[in-house]
Amino acid sequence: MARGLSPLGFFRKTLHVQAKFSFLHMKYLFFSWLALFVGSWIMYVEYSSYTELCRGKDCRNSICDKYRKGVIGGSACSSLCEKDTLYLAKCLTAKVNNQVYSGKWADLEGIIKCQMEEPPRDGLEVEMEPRKEATAFNKPTKGTSVETFREMINDHFKAKVGDQANLVDMTTQVLSIADANKDGYISLPEARSTWALLQLNEFLLAFVLQGHTPKLLGFCGDLYVMEKVPHSPLYGISLPWIMEMCIPNSLRRSMDQWFTPPWPQKAKISIGLLELVEDIFHGTFGSFLMCDVSTASFGYNDRHDFKVVDARYIVPEATFQERIRQQHCNVDEDCLYGADCLTTCDLTKHRCTTEVTRPNLAKACETLKDYILRGAPSDVSEELEKQLYVCIALKGSADQMEMEHSLVLNNLKTLLWKKISHTKDS
């Protein structure tokens, strides 16, 4: 017959249970407080980053103050500052000097970009993209005739892209946009706003790369509104940074392709990127370098037309070469502009050379490789992969290998077009 539990044994067992419960309770409290602390810290960092980067309210107040004083003008001023039919919604800003917001203008969805003064910075980026200071809006001066303003614009384009045949047409188009209220007269505030916008590389490229860039909807001072590209970036999904650290690169690359359109539509979008490369390689307005060929710079609309959504790092080759040769260097990495424009360092002079190590086409093909190969029809996948790797292997500037560059580009376009030419995607 089993003996009953003695009072001493019962007391010890009770103490053991209480100690175990206290330990679990303390452990639960510790991890709860730890989770609360980490969560609060992450929220604080995110909020601090947001308030530091996103200064749309300051930008709007500055623009509207100048508009009310009669300093600036433009087709978007009344809607932004008086009617409140143009408003800034979600902050998409990556750099404090270039405020970017999604927004609505009456019934139109758009991307609103506003320029702000930025703190001092160092490095090659200063040379290629001078520090943004508060725009003075003092050019052209009072009394400047339309013909003189036309010459100012034409000379500005010539300095940026060279003496091209189409500059007169482009200048005429700028003057048409400058007449914001379409009264046949360009006021001084309208002219000063237009001139300020032309100092922005991305705005200037909206004229040079027409068809590849979103449509300009309107402007006020150096704030401007572009048509929204509904599908951007070109591909890829955004994950919290803590998940990014835990996911292997191979799996991450696969995840980026999960929500892409069907292959025929991807082929059409890819052809759009290849046509951009073709147009900026000895195109109508000279040669340009693509110094950031990341997927975040590109997108496409509902018709699957390829669009450049961030043209800040597409720079005239002549401008790049002029600035890069002045850059002091000790290693090749000192000669990098953006993410993708790298030259070599001449150690005898400690100056950067002017020729980029990889042409635009090689960088574009690398961006497209995983995108266009996934889901490719079996009868083209092998040849497509072969041509993409030939393209990625291209070295040196396009000038040095013009024939090979053109041949690789045309082969890729032809292969894709032949496969989709009988479909509605063509």
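I need the full set of residues from segment 256-294 which are part of a loop (DSSP other than H, G, I, E, B) and closer than 15 Å to Val161 by Cα, in order please.
Passing the criteria: Ile280, Phe281, His282, Thr284, Phe285, Ser287.
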Practice task
Select from segment 162-187 the residues that are open to solvent by less than 30 Å² (accessible area, probe 1.4 Å), assigned to a helix (DSSP H, G or I) and not small (Gly, Ala, Ser) and write down the one among them that is farthest from Tyr224 (Cα to Cα).
Solution key: Leu167
Handout entry: Single residue of Leu200, Leu216, Leu251 found to be touching a helix residue (DSSP H, G or I) at 6+ places or on another chain (Cβ under 9 Å) and either hydrophobic (A, V, I, L, M, F, W, C) or over 20 Å from Leu80 (Cβ atoms) (or both)
Key = Leu216
Problem - Ser102 vs. criteria in the same structural domain as Asp183 (by the TED database), crowded, with 16+ Cβ neighbours inside 10 Å, at pLDDT 90 or above and of a type in the set (S, T, N, Q) - result: no
Practice task
State which residue is modelled with the lowest pLDDT when the search covers only segment 309-337 and only residues that are in contact with a helix residue (DSSP H, G or I) (Cβ under 8 Å, 6 or more places away or on another chain) and part of a loop (DSSP other than H, G, I, E, B).
Solution key: Arg312
Handout entry: Filtered residues of segment 383-414 (kept if farther than 28 Å from Ile237 by Cβ and at pLDDT 90 or above)
Key = Glu383, Lys386, Val390, Ala393, Leu394, Leu407, Val408, Leu409, Asn410, Asn411, Lys413, Thr414
Exercise for the section: Show the residue pairs that are 6+ apart or on different chains and have beta-carbon atoms under 9 Å apart, the first residue being within segment 250-273 and among the hydrophobic types (A, V, I, L, M, F, W, C), the second being open to solvent by 20 Å² or more (accessible area, probe 1.4 Å) and assigned to a helix (DSSP H, G or I). Expected result: Trp263/Lys419; Ala267/Trp417; Ala267/Lys419; Ile271/Lys413; Ile271/Trp417
Handout entry: In segment 188-220, residue nearest to the chain's Cα centre (by Cα) [restricted to those that are assigned to a strand (DSSP E or B) and surrounded by 19 or more Cβ atoms within 10 Å (Cβ to Cβ)]
Key = Thr213
Fill in the blank from the handout: Taking segment 371-384 and keeping residues open to solvent by less than 80 Å² (accessible area, probe 1.4 Å) and not in a loop (DSSP other than H, G, I, E, B) leaves Tyr371, Ile372, Leu373, Val380, Ser381, Glu383, Leu384
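The values are calculated or read from the model by the stated rules, or taken from the named source; none is laboratory data. These numbers were taken from a predicted model, which means no experiment stands behind them. Cβ: placed from backbone, ideal geometry, glycine included. Neighbour counts: every protein chain shown. Side chains are part of the model used for accessible areas, which takes the heavy atoms of the whole protein and leaves out ligands, DNA and RNA. Shrake-Rupley method; radii C 1.70, N 1.55, O 1.52, S 1.80 Å.
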